[in-house]
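**Student:** Dropping a structure here in structure tokens format, bear with me for questions.
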Amino acid sequence: MVEAPSPAADVAFATAESQHKGKFPRLPEKWVSRIANWGVELRGVAPVPVEERTDSRFINVFFVWFTLSTNLLPIVTGMVGTFVMGMSLRDASLVILFFNMLCTIPPAYFSTFGSRTGLRQMLHARFTFGYYLVSVIVALNLCTIAGFGVVSSVLGGSTLAAVSNGSIDDTAGIVVIGICGMVVSFGGYKFLHQYERYCWLFALVAIVIATGVGGSRLARQTPTEPPTAATVLSFGGVIAGFLIPWAGMAADFSVYCTPTVSTFRIFAYTYLGLFVPTVLLMALGAAIGATAPAVASWSEGYTTYGVGGVLDAMLSPAGGFGKFVSVLLSFSLLGNLAASMYSISLNFQLLLPFFIRVPRFIFSIIYTAILIPVSVVAARSFFTNLENFLYIIAYWSAAFVSVVCVEHFFFRRGDCASYDASSETWDSPKRLPTGVAAIGAMALSFGLIVPCMGQAWFTGPIAETTGDIGFEIALVLAGLLYLPARLVERWVRGV
């Protein structure tokens with residue numbers, strides 16, 4: 001006897017069919033029924049129409065970003081300032097505060113595009129970068145979000161390995177974290193919002209306990225010299241690389257919100273959800289990084305298991321309870337990893353036009369299969385890989401933000417109604433910009449960005465004096481170059 005599709009399956013089937021617009025083969029009805037009954041979101045990257053934007057629990061936007069930031073990732077990023085760059089806790093904390101105040105603005109504002117347009121973030125980017133050339137931006141964004149996933153997996157895996165005293169190695173820990181993140185991401189927007197609404201509690205409690213148990217040793221700061229301007233700007237670049245790339249996925253988490261919600265409300269929820277935990281946890285990481293060389297057990301833990309070993313050593317006075325808290329800390333990264341996987345699955349559908357026929361959740365499986373081996377390799381030199389990764393992604397994402405802002409505020413006068421979400425526009429190359437002006441502006445801006453880069457493998461002539469200021473240059477120069485290029489494009493093509 002064949003099982004009759006549920007009403008939820010009927011809606012899901014219609015959603016999938018409308019997204020495909022009859023271009024692609026229908027999904028088997030039996031599969032649709034089962035997947036929909038499991039609560040999996042079947043809508044992919046296609047715009048969410050006004051009648052389906054009914055989510056009025058706007059506070060969930062805050063919790064998504066709060067959970068995404070309440071884990072080990074900001075802690076280890078803060079450690080870069082003291083542990084790697086040799087800054088004092090006070091100096092690192094000041095840099096953390098002021099760069100966070102600035103760099104949280106782009107993802108917070110981009111988050112407002114979701115409810116106002118019904119467009120996912122990379123689909124919104126088509127209105128600047130065009131139908132075909134947006135694939136370049138999607139590829140860069142995929143590398144960025146996937147990179148954060150690698151960092152999360154390495155952190156979680158190393159912490160599990162430290163808790164087990166080596167009975168579980170880094171590889172096994174990475175596999176566990178990766179698969180758990182994939183399972184959470186399957187559910188889609190609604191399930192993710194519910195998960196992120198509550199799981200931050202466990203992460204926050206675990207971090208508070210770890211700080212309380214090991215906090216007495218945080219006063220043993222390693223003596224440092226006053227930082228140079230180059231060091232300050234370089235650490236600021238790391239913070240920018242942590243925050244600005246979230247703009248590439250910001251609208252994905254507000255796209256079902258009722259469009260009547262005020263722009264300020266979504267902006268404020270996103271800003272506070274990112275800013276508050278990131279500042280506090282980066283400062284905690286800076287304190288840990290400044291103390292680790294002076295505490296033998298912490299230094300030994302880092303040598304053996306990396307960052308997870310340091311946190312496990314901090315909790316060692318609590319005995320078995322400390323081990324339990326360490327496990328909670330390792331799984332605190334699931335909120336970040338699951339959200340990243342959700343955006344990755346949407347991004348993949350725009351990487352190539354025909355990818356839209358592949359169900360969103362399939363890409364979560366593909367990404368997990370890539371994530372695990374890459375994370376295993378990255379774990380061998382974690383801090384070096386983290387620092388280089390956060391630097392590099394800041395360059396392109398700052399240029400991306402600059403170009404999109406010029407398009408939005410100058411050419412569209414800040415009017416979200418100018419983004420036509422009908423399939424005749426968002427899925428038609430003729431109704432969209434070519435993207436040549438946008439990609440050209442970003443590419444040309446690297447002519448000055450490269451001399452301002454300060455990497456372990458390359459230091460430009462300007463960066464030798466100023467420190468790494470590549471992201472600041474990208475944020476200003478790309479937009480300036482885009483303005484005349486886009487004017488010419490509109491004059492020639494009319495779109």
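**Student:** Take the residues of segment 188-232 that are open to solvent by 50 Å² or more (accessible area, probe 1.4 Å), among the hydrophobic types (A, V, I, L, M, F, W, C) and within 22 Å of the chain's Cα centre (by Cα): which is nearest to residue 120 (Cα to Cα)?
**Tutor:** 191
**Student:** Go through segment 404-430 and give me each residue that's closer than 16 Å to residue 126 by Cβ, open to solvent by 30 Å² or more (accessible area, probe 1.4 Å) and in a loop (DSSP other than H, G, I, E, B).
**Tutor:** 412, 420, 421, 422
**Student:** Can you confirm whether segment 172-182 contains a residue that is more than 17 Å from the chain's Cα centre (by Cα), buried (at least 24 other Cβ atoms within 10 Å of the Cβ), of a type outside the set (A, V, I, L, M) and modelled with pLDDT of 85 or more?
**Tutor:** Checked against the condition, which is being more than 17 Å from the chain's Cα centre (by Cα), buried (at least 24 other Cβ atoms within 10 Å of the Cβ), of a type outside the set (A, V, I, L, M) and modelled with pLDDT of 85 or more, segment 172-182 yields no hits at all.
**Student:** How many residues are at positive phi and either crowded, with 16+ Cβ neighbours inside 10 Å or touching a residue at least 24 places away in the same chain (Cβ under 8 Å) (or both) if we restrict to segment 438-495?
**Tutor:** Of the residues in segment 438-495, 1 are at positive phi and either crowded, with 16+ Cβ neighbours inside 10 Å or touching a residue at least 24 places away in the same chain (Cβ under 8 Å) (or both).
**Student:** Quick one: what pairs do we get from segment 404-417, first residue of a type in the set (D, E, K, R), second surrounded by 20 or more Cβ atoms within 10 Å (Cβ to Cβ), C-beta under 8 Å, 6+ apart or different chains?
**Tutor:** The qualifying pairs are 407/127; 407/128; 407/438; 407/482; 407/486; 412/419.
**Student:** Now for a separate question. Exactly one condition in (1) open to solvent by 10 Å² or more (accessible area, probe 1.4 Å); (2) of a type in the set (Val, Ile, Thr); (3) in contact with a helix residue (DSSP H, G or I) (Cβ under 6 Å, 6 or more places away or on another chain) is false for residue 278; which is it?
**Tutor:** (1)
**Student:** Among the residues of segment 136-172, what is the count of those that are touching a Leu at 6+ places or on another chain (Cβ under 8 Å), among the small types (Gly, Ala, Ser) and over 16 Å from residue 311 (Cα atoms)?
**Tutor:** Matching residues across segment 136-172 total 4.
**Student:** I've got another one for you. Which residues, counting only those in segment 66-97, are more than 20 Å from the chain's Cα centre (by Cα) and surrounded by fewer than 19 Cβ atoms within 10 Å (Cβ to Cβ)?
**Tutor:** Residues satisfying the conditions are 84, 86, 90, 94.
**Student:** Just to be sure, is residue 50 β-branched (Val, Ile, Thr), at negative phi and surrounded by fewer than 22 Cβ atoms within 10 Å (Cβ to Cβ)?
**Tutor:** When the stated conditions are applied, residue 50 passes them.
**Student:** Looking only at segment 53-65, which residues are open to solvent by 70 Å² or more (accessible area, probe 1.4 Å) and either closer than 11 Å to residue 271 by Cα or not polar (S, T, N, Q) (or both)?
**Tutor:** Result: 57, single match.
**Student:** How many of the residues in segment 94-116 are at pLDDT 95 or above, polar (S, T, N, Q) and not in a loop (DSSP other than H, G, I, E, B)?
**Tutor:** 3
The values are calculated or read from the model by the stated rules, or taken from the named source; none is laboratory data. Computed from a predicted structure; not experimentally measured. A quick note on method: Cβ atoms are made from the backbone with ideal geometry, for glycine too, and the neighbour counts reach across all protein chains shown. Surface accessibility is based on the protein's heavy atoms, side chains included, excluding ligands, DNA and RNA. Shrake-Rupley method; radii C 1.70, N 1.55, O 1.52, S 1.80 Å.
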